[in-house]
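Only the coordinates and a few stated rules stand behind these numbers; no lab work does. In this text, all values refer to a predicted model and were calculated from it rather than measured experimentally. Here Cβ is always computed from backbone atoms with ideal geometry, including for glycine, and neighbour counts include all displayed protein chains.
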Amino acid sequence: IQEKGASDKIVLAVIGTGGMGSGHVRELVQMEGRENIRLAAVWDVFRERAKSNAAFCKGDAYEDYRKLLERKDIDAVVIATPDHWHAKISIDSMEAGKQVYCQKPMTLTVEQAIEVRNVARKLGRKFQVGVQGTSEDRYWKAQQAIREGRIGKVVWSQASYSRNSRDGEFNWPMDREAGPSASGDKHIEWDMWLGHE
């Protein structure tokens, strides 16, 4: 990637526009006015979702993320696909010259994580994983309080994340008309979602 001047916009793409990815699209579009960025493209296996997010950011929708990665004007990608795609798309993106922000988890296996790390090091790419919750200040403050003995001897600690929803956590509704046999914008590239392509 070439060095950019202070007035040059950083051009981004979002790969995977489900609940998390669509949220990223909205946040990035809001940031365009105050940050030096432009969201130019999106990809998702669900055509309708890709097209609606592309319209929202006034960018392009792709039916194959690899075609998106061929664009020379895209500097960095945000990967918000299902977890089983994180390693492959991260590596493909870095090999295409992109910097990467990948949602958690980084990969499904330690071996994949080592491969992603090695590619980032070899190619000199920036790679960040979205585990911002674990870097929040409160954890560091708690650790410091324990080290300094301010709260006594710690014998047990528990942390959790719960949405306390009667519908359960992370159960997102899906368009009932959408699927691999649907046509037009309701089509979902199921083999791609599974990872066969």
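Considering the dipole of the stretch 49-197 built from charges on the beta carbon (Lys and Arg +1, Asp and Glu -1) around the Cα centre, which of Leu194, Ser181, Ala142 is farthest to its positive end?
Ala142
Could you sort 74-82, 152-160, 103-111 so that the peptide with the highest average Cβ count within 10 Å comes first and the rest follow in order? Before the final figure, lay out the partial values.
Details: 74-82: 23.1, 152-160: 6.1, 103-111: 14.3.
With the highest mean Cβ count within 10 Å placed first, the list reads 74-82, 103-111, 152-160.
Give me a comma-separated list of calculated 3J(HN,Hα) values for the stretch 64-72, in order, Karplus coefficients 6.51, -1.76, 1.60 applied at θ = phi - 60°, integers in Hz, x for any Gly or Pro.
Values, residue by residue: 9, 4, 5, 5, 4, 5, 6, 5, 6 Hz.
Tally Lys/Arg at +1 and Asp/Glu at -1 over every other residue whose Cβ is under 15 Å from the Cβ of Val154; what's the total?
Working: positive: Lys141, Arg147, Arg150, Lys153; negative: Glu148.
Neighbourhood net charge equals +3.
About its Cα centre, how strong a charge dipole does the stretch 1-135 have in debye, to the nearest 20, once Lys and Arg get +1 and Asp and Glu get -1 at the Cβ?
Working: 21 positive and 18 negative charges, 35 e Å.
The dipole magnitude comes to about 160 debye.
Along the charge dipole of the chain, Cβ charges K/R +1 and D/E -1, which of Cys102, Gly133, Leu69 sits furthest on the positive end?
Gly133
Just grab the label-to-label distance for Gln143 and Asp64, each label 7 Å out from Cα along the Cβ direction, in nm (one decimal).
In this crude label model, Gln143 to Asp64 measures out at 4.4 nm.
Give me, ordered by chain and number, the residues 5 or more places off Ala182 or on other chains with an amide H under 5 Å from its own placed amide H.
Correct list: Ile188.
Residue-wise, which Karplus ³J(HN,Hα) couplings in Hz belong to the stretch 113-130, taking 6.51 cos²θ - 1.76 cosθ + 1.60, θ = phi - 60°, and x for glycine or proline?
Result, rounded to whole Hz: 4, 5, 5, 4, 4, 5, 5, 4, 5, 4, 8, x, 8, 7, 9, 10, 10, x.
How big is D for the chain, in µm² s⁻¹ as a whole number, if Stokes-Einstein is applied with the Kirkwood radius of its Cα pairs at 25 °C and 0.890 mPa s? Don't skip to the end; give the middle numbers.
On the way: Rh = 18.8 Å.
In µm²/s, the coefficient is 131.
Taking 23 Å as the cut-off for C-alpha to C-alpha distance, list the pairs among Lys9/Lys88; Lys98/Lys141; Lys72/Lys126; Lys58/Lys98; Lys104/Lys126 that go past it. Please list the in-between numbers first.
On the way: Lys9/Lys88 27 Å; Lys98/Lys141 35 Å; Lys72/Lys126 17 Å; Lys58/Lys98 21 Å; Lys104/Lys126 16 Å.
Violating the 23 Å Cα-Cα cut-off are Lys9/Lys88; Lys98/Lys141.
For the pair Asp191 and Ala159, how long in nm is the line joining their label points, each one 7 Å along Cα→Cβ?
That separation, rounded to one decimal, is 4.3 nm.
Could you tell me what percent of the DSSP beta bridges with both partners in the chain are antiparallel, to the nearest 5?
Working: 1 of 23 bridges.
DSSP beta bridges in the chain are roughly 5 percent antiparallel.
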